[in-house]
Amino acid sequence: MNARALIFSFSPKPHIPPTDISAPKRSFCPDSRPQTPFRFRVQIQNREHYWVLRVSGRDSGGGKRRGGKVFADVKSEAYDISESVDKFEKGLNDVPSRKEEELEEEPLTVAEASWLEQFPKRWVIVVLCFSAFLLCNMDRVNMSIAILPMSAEYNWNPGTVGLIQSSFFWGYLLTQIAGGIWADTVGGKQVLAFGVIWWSIATILTPVAAKVGLPFLLVVRAFMGIGEGVAMPAMNNILSKWIPVAERSRSLALVYSGMYLGSVTGLAFSPFLIHQFGWPSVFYSFGSLGTVWFAVWISKAHSSPLEDPELRPAEKKLILASSVSKEPVKEIPWKLILSKAPVWALIVSHFCHNWGTFILLTWMPTYYNQVLKFNLTESGLFCVLPWLTMAFSANLGGWIADTLVSKGFSVTRVRKIMQTIGFLGPAFFLTQLSHINSPAMAVLCMACSQGTDAFSQSGLYSNHQDIAPRYSGVLLGLSNTAGVLAGVFGTASTGYILQHGSWDDVFKVSVGLYLFGTVIWNLFSTGEKIID
């Protein structure tokens, strides 16, 4: 049947009531008992209209077929019959198939593009941020290895070494809150680029400053802290705009893992470079990597998807559709925040936690060299093990915490359990160091101390969003400022203690702060929202 006949046969007709066409009441097979009615359906459709012809047979009951009815249902959207039939026939031939439509949606240029060009741009941003944090900790920990030959060359005493190690935190402390304000105002791309290139130049200038004099070295190390201080708020700013909510957790996990791997890489390669080329080579090589990263970042990154002209429309739509718009904070209720006991529990606990963490970060190679009698290469290699343990246990602690919450444990209880492990675990293992004579057991204790310390990420580090999700950035700035102060005072005081005491005294101070933090945390912390 051609198109003209179809239109004619289904074109509107004067209204005629449905005709009941019934077969004579007879049975072709007296014993036949059909189980279900039969239906026959014919459907003819195109993009604008469709017609349905339905033929049904019914069982009138009693187990015998008493009759059959045939219905012809015609359904159609409004159609102007005056339009040319020739145009309609042409339209039928011009309707593309589903496969043709799919081909139109996928241009050949995309199909022929390389895998690198098809890689999601948002994950390019994540990988670049991961690389920045890798370099961040590489440049931070290299001094803890290089300080050994540097102190021997320049005749620095332990007090001077502690002063040099702590000078990094002078600049780092200044840019915690300022970096977040700057990133929100200017954009994460510019701030992170500034931070990396700034601390890279400071790293390269470190050997020159050491030769000029101690004051110049302290200034250069403080400048390096300024650059690294803006990295975290800038990273948070840019990922909040690029990463959909459903992908945010794993993207942040990948970026933060760059810090642990940066410590591993810096501690592993620094002894080799020092042995082969001298201690200045560590600062020259690590710092030059930052300039390479800067060049890639400037050419590939943008502060938000809206600023990227090369972002594919499909990915831009995905990112923007998944973003959660929040009303910006116009005024910070400082009086309300500082009047809450759980806020102060968070600040105090962050200070107690970071005291021990930064001491291990900056002084561990010296401990291995002076107490365990490891040479420079061995000190760097054995320092890697605690950081690998920390990377593993941090993810393990997160999985345990989420599992407990899903099983009905309150958030408050879970936060207290995880942070108690993060405090008492390191305290226990540090107390065992004075009773151990085996270097292997001492390294194992250090690894276990760092491993249990990482459970704090599921404790106090997750608590900011629990108690004040709207002001979690402000709380992070407050508590992390306290944590940086712990790094400044803890690193410097360790040098003073070693000059007048022993390593046992250093560990006793850390254990005391761990125990104090445990008491404060369990008495005053909460996992419930206290500030709206």
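The values are calculated or read from the model by the stated rules, or taken from the named source; none is laboratory data. All values derive from a computational prediction rather than experimental measurement. A quick note on method: Cβ atoms are made from the backbone with ideal geometry, for glycine too, and the neighbour counts reach across all protein chains shown. Surface accessibility is based on the protein's heavy atoms, side chains included, excluding ligands, DNA and RNA. Shrake-Rupley method; radii C 1.70, N 1.55, O 1.52, S 1.80 Å.
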**Asked** How high is the FRET efficiency between Ile530 and Phe489 when r is their beta carbon distance and R₀ equals 22 Å, given to the nearest 0.05?
**Response** 0.15
**Complete:** Mean Cβ-within-10 Å packing, highest first, puts peptides 170-177, 234-241 in the order 234-241, 170-177
**Accessible surface, segment 118-325, averaged per residue in Å² (probe 1.4 Å)** = 40 Å²
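Measuring with a 1.4 Å probe in the full set of protein chains, what accessible area per residue, in whole Å², belongs to segment 336-531? Provide the component values of the computation, followed by the final result.
Numbers: 7900 Å² over 196 residues.
It amounts to 40 Å² per residue over segment 336-531.
Quick one: pull the percent of accessible area on segment 118-325 belonging to carbon and sulfur, 1.4 Å probe, ligands and nucleic acids left out.
Working: 5840 of 8390 Å².
Result for segment 118-325: 70 percent of the exposed heavy-atom area is carbon or sulfur.
Go through Lys416/Lys508; Lys189/Lys300; Lys121/Lys300; Lys241/Lys335 and tell me which ones have a Cα-Cα distance over 20 Å in this structure.
Numbers: Lys416/Lys508 23 Å; Lys189/Lys300 10 Å; Lys121/Lys300 9 Å; Lys241/Lys335 30 Å.
The pairs that break the limit, which is 20 Å between Cα atoms, are Lys416/Lys508; Lys241/Lys335.
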**Fill in**
Kirkwood radius from Cα pairs of segment 179-321 plugged into Stokes-Einstein at 4 °C, 1.567 mPa s, gives D in µm²/s equal to 77 µm²/s
**Request:** Measure off 7 Å from each Cα along the Cα-to-Cβ vector at Ala314 and Tyr284, then give the distance between these two points in nanometres to one decimal.
**Result:** 4.9 nm
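Provide the packing ranking of 522-529, 363-370, i.e. peptides ordered by the mean count of other C-beta atoms within 10 Å per residue, highest first. Don't jump to the answer; show the numbers that get you there.
Values: 522-529: 15.9, 363-370: 21.8.
The densest-packed peptide leads the list: 363-370, 522-529.
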**Item:** q = 0.13, 0.17 Å⁻¹: log10 I(q)/I(0) that the Debye formula gives for segment 336-531, counting C-alpha atoms only
**Value:** -0.68, -1.08
**Candidate residues Asp402, Asp453, Asp505, Asp532: accessible-area rank, largest first, probe 1.4 Å** = Asp532, Asp402, Asp505, Asp453
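Ranked from highest to lowest mean number of other Cβ atoms within 10 Å per residue, what is the order of the peptides 313-319, 225-231?
Values: 313-319: 14.1, 225-231: 25.0.
Descending packing order for the listed peptides: 225-231, 313-319.
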**Message:** 7 Å from Cα along Cα→Cβ at both Trp399 and Val219: what's the point-to-point distance in nm?
**Reply:** 5.1 nm
